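To start, the structure under review is shown below, and the notes come after it.
All of the numbers you see were taken from the coordinates with simple rules; none came from a lab. Nothing here was measured: the structure is a model prediction, and the numbers come from that model. In this analysis, Cβ positions are derived from the backbone assuming ideal geometry, glycine residues included, and neighbour counts consider all displayed protein chains.
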Amino acid sequence: MSKRAALLAERIERGADALATFAEGLTDAEWHAVVPVDGRKVGVTVHHVGFMYPIEVDLTRVLASGKPIEGVTWAVVAKINADHAHANAAVTKAEALAHVRENSRVAAAAVRALTDEELDRAEKVSLYFDAPLTTQFFIEDHALRHAWHHLGKIRAALKK
């Protein structure tokens, strides 16, 4: 196993664990609070992180295989997010936490399976206007950063 891949996977798990641990302690009112600017409820946002792991891993595998990521734009991401928020407006804390924990573990396992050569591959990424990005960067900017990003936004919204 690649040491770099193992470290990336561990950081994915730490972020998901931090988000889940924080969310476990939220009151019902906090769970249903809306995150400013984002517009989604805290609980929906927590579930969203778990929901996105499989998508992020699929795109990671595309780059790792030496192919470009095509057709993924910020408008596409916004539509995915809006559809998810609508479909999961009533998500429970137990459902969201289970989703984050399970999908982060699956994502981490997929990252652990990557070789250093795959991590170093760089291809065009449509989300970044076809900039040639490495697989490792993509992992760090998406599957790894995602839980930390939303945890920070939720904490700021709840002033915790």
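Let me check I've understood the local charge: for residue 25, count other residues with C-beta under 11 angstrom from its C-beta, Lys and Arg +1, Asp and Glu -1. What total comes out? Residues close to residue 25 contribute a combined charge of 0.
Of the labelled figures (i) 21, 18, 17; (ii) 28, 18, 12; (iii) 24, 17, 14, only one reflects semi-axes √(5λ) of the Cα gyration tensor in Å as derived from the coordinates, namely (ii). Averaging the Cα positions of each part gives two centres, and for the range 19-62 and the range 116-145 these lie 22 Å apart. Neighbours of residue 5, meaning other residues whose beta-carbon lies under 9 angstrom from its beta-carbon, give a summed charge of +1 when Lys and Arg score +1 and Asp and Glu score -1.
Would you mind checking the pairs 3/79; 3/159; 67/153; 79/153; 3/41; 67/93 and listing those with alpha carbons more than 26 angstrom apart? All intermediate terms of the calculation are to be shown ahead of the outcome.
Details: 3/79 36 Å; 3/159 37 Å; 67/153 33 Å; 79/153 20 Å; 3/41 37 Å; 67/93 37 Å.
From the list (3/79; 3/159; 67/153; 79/153; 3/41; 67/93), the Cα-Cα distance tops 26 Å for 3/79; 3/159; 67/153; 3/41; 67/93.
Set the Förster radius R0 to 25 Å, insert the Cβ-Cβ distance between residue 80 and residue 3 as r into 1/(1 + (r/R0)^6), and round the FRET efficiency to 0.05. Mind showing how you got there, number by number?
Details: r = 33 Å, r/R0 = 1.31.
About 0.15, to the nearest 0.05.
For residue 14 and residue 70, the FRET efficiency from 1/(1 + (r/R0)^6), where r spans their Cβ atoms and R0 equals 41 Å, is about 0.85.
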